[in-house]
């Protein structure tokens, strides 16, 4: 079983998988008579069909026991999916590049600092939300519309990955 190294989350390292949603190092312009910085278009919602809609939800997640064996990844082929932490807590991100199936040797793990959100691009393989805290809340922006927008891939025994944030 391969142990995943957890990398710090940055715009550069995460770019093959999606967008990091953060204000640090991002351009802005002033609005509201100069009282507000607008960090414009930090991520783009991707949808596959003209009738699709971008929706906003809140996910209230519970932590999983660590170390965690990664047995499955999912993807959303018809739209992007963004997670923005609401309580300022760091969280884990496990991703693999777009493809017919995720390749276990290409899986990467990242740690958000709690002020960074992420936007998975359409078709990027990822683990469902992974909170470090006992319970955490996330603002989620994704697609609503017809068609199957969730594929799951279960790894074979020899492809399983170990995620241990305490290393």
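The values are calculated or read from the model by the stated rules, or taken from the named source; none is laboratory data. Since the structure is predicted, the reported quantities are computational estimates derived from the model, not experimental observations. FYI the Cβ positions are ideal-geometry reconstructions off the backbone, even for glycines, and counts take in every protein chain you see.
Given the stretch 15-81, what strands (runs of 3 or more DSSP E) lie entirely inside it while holding 1 or more residues that are within 19 Å of the chain's Cα centre (by Cα) and within 30 Å of residue 147 (Cβ to Cβ)?
In the stretch 15-81, 18-21, 53-62, 68-70, 72-75 are the strands (runs of 3 or more DSSP E) which contain 1 or more residues that are within 19 Å of the chain's Cα centre (by Cα) and within 30 Å of residue 147 (Cβ to Cβ).
Listed here are the residues, each with its yes/no results for (1) in a loop (DSSP other than H, G, I, E, B); (2) touching a strand residue (DSSP E or B) at 6+ places or on another chain (Cβ under 9 Å).
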site	(1), (2)
94	no, yes
115	yes, yes
118	no, yes
123	yes, yes
139	no, yes
153	no, yes
158	no, no
167	yes, yes
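From the list 63, 57, exactly one residue is in contact (Cβ under 8 Å) with a residue 12 or more places away in the chain and surrounded by 13 or more Cβ atoms within 10 Å (Cβ to Cβ). Which is it?
Sole residue among the options that is in contact (Cβ under 8 Å) with a residue 12 or more places away in the chain and surrounded by 13 or more Cβ atoms within 10 Å (Cβ to Cβ): 63.
Answer with yes or no whether residue 130 is within 18 Å of residue 64 (Cβ to Cβ), surrounded by 18 or more Cβ atoms within 10 Å (Cβ to Cβ) and more than 14 Å from the chain's Cα centre (by Cα).
Considered against the rule, which asks whether it is within 18 Å of residue 64 (Cβ to Cβ), surrounded by 18 or more Cβ atoms within 10 Å (Cβ to Cβ) and more than 14 Å from the chain's Cα centre (by Cα), residue 130 comes out as no.
For the stretch 6-39, name all the residues that are touching a strand residue (DSSP E or B) at 6+ places or on another chain (Cβ under 7 Å), closer than 25 Å to residue 76 by Cα and exposed (fewer than 14 other Cβ atoms within 10 Å of the Cβ).
7, 8, 13
Kindly indicate whether any position in the stretch 99-115 is under 12 Å from the mean Cα position of the chain (by Cα), crowded, with 16+ Cβ neighbours inside 10 Å, within 17 Å of residue 58 (Cα to Cα) and modelled with pLDDT of 95 or more.
The answer is no; no qualifying residue exists.
Exposed (fewer than 14 other Cβ atoms within 10 Å of the Cβ), in a strand (DSSP E or B), in contact (Cβ under 8 Å) with a residue 12 or more places away in the chain and out of contact with any helix residue (DSSP H, G or I) (no Cβ under 9 Å at 6 or more places or on another chain), is that true of residue 84?
no
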